[in-house]
1. Is it the case that some residue within the range 148-155 is open to solvent by 30 Å² or more (accessible area, probe 1.4 Å) and part of a loop (DSSP other than H, G, I, E, B)?
2. Going by the structure shown, is Ser89 part of a helix (DSSP H, G or I), among the polar types (S, T, N, Q), more than 16 Å from the ligand (Cβ to nearest atom) and under 20 Å from Val189 (Cβ atoms)?
3. Quick check: is even one residue across the range 46-67 within 16 Å of the ligand (Cβ to nearest atom), surrounded by fewer than 18 Cβ atoms within 10 Å (Cβ to Cβ) and not in a helix (DSSP H, G or I)?
4. Could you grab me the full set of residues in the range 68-86 that are assigned to a helix (DSSP H, G or I) and of a type in the set (A, V, I, L, M, F, W, C)?
5. Quick check, is Met97 open to solvent by 50 Å² or more (accessible area, probe 1.4 Å) and either assigned to a loop (DSSP other than H, G, I, E, B) or among the hydrophobic types (A, V, I, L, M, F, W, C) (or both)?
6. Go through (1) farther than 30 Å from Gln22 by Cβ; (2) open to solvent by less than 20 Å² (accessible area, probe 1.4 Å); (3) more than 16 Å from the ligand (Cβ to nearest atom) for Thr76 and report which single condition fails.
7. Looking only at residues that are hydroxyl-bearing (Ser, Thr, Tyr) and within 16 Å of the ligand (Cβ to nearest atom) in the range 136-152, which one is nearest to Ile186 (Cα to Cα)?
8. Any chance you could count how many residues in the range 1-45 are buried (at least 18 other Cβ atoms within 10 Å of the Cβ), more than 20 Å from His73 (Cα to Cα) and more than 16 Å from the chain's Cα centre (by Cα)?
Amino acid sequence: MTMKYSEFEFRTQPWFDQDNFQGFNEVIPMKTMIICCFDPRASEVPQVVAKHFGDEIYPGENILDERGNKIGHTRTLFAVYCAAGRAASGLQSAATMDYLFSVQNIVVVHHSFCGATAFRPDQLIGKYHDCHHTDISTMFDHDSLAIMNYEESLRHDVKLLRDSPAVPKHIKLYGFFYEINSGELIEVVRDVPSRDGTGRIA
Ligand SMILES: [Zn+2]
């Protein structure tokens, strides 16, 4: 039985060779993943980071075939938007992107006047319990729930990525602070593995 919408899956396309799949990098040259907050005041972060690195394309454009089907894109930098831009929320995306693309960089960006600087982790958990009578205290890494200090949150998140099995060891990691009013982007943490993969520059 054919399931509804299955004709839109890659795995059902006659030309698709699952056993020899090498990823989609030939049609979308993705190389950098950004984890940033979904606050609309920080929505320009991907453009700002692309400009900072200088060799990224964002937003880029669709590549169409002769029938107008979207078969690729020129974008090199993908954004994962989540609450406060905490790395813990981006781990599954990091592992998925490694299967589909040749990711080289993961960039964490925390921005000024982020909502996550308005509470402590215990306050979030306490209010949730009061309002919804449910305990979420064991569901999340408490150090990833709020932003108590920008340097600490960025260092925590770069370390979390470096120590995670979901992030390949060759990937270069960066942590930036973004000031939403001035538009300034400041590098706070950098963890770039040496070429042999044994050391790192902090
Ligand atoms: Zn925010």
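1. Yes.
2. no
3. no
4. Ala83, Ala84
5. Considered against the rule, which asks whether it is open to solvent by 50 Å² or more (accessible area, probe 1.4 Å) and either assigned to a loop (DSSP other than H, G, I, E, B) or among the hydrophobic types (A, V, I, L, M, F, W, C) (or both), Met97 comes out as no.
6. Condition (1) is where Thr76 drops out.
7. Tyr150
8. Total meeting the criteria: 0.
The values are calculated or read from the model by the stated rules, or taken from the named source; none is laboratory data. Everything numeric in this text was worked out from a predicted model, so none of it was measured. Every residue, glycine as well, gets a Cβ built from its backbone with ideal geometry; the counts of neighbours run over all protein chains shown. Note: areas computed on protein heavy atoms with side chains; ligands, DNA, RNA excluded. Shrake-Rupley method; radii C 1.70, N 1.55, O 1.52, S 1.80 Å.
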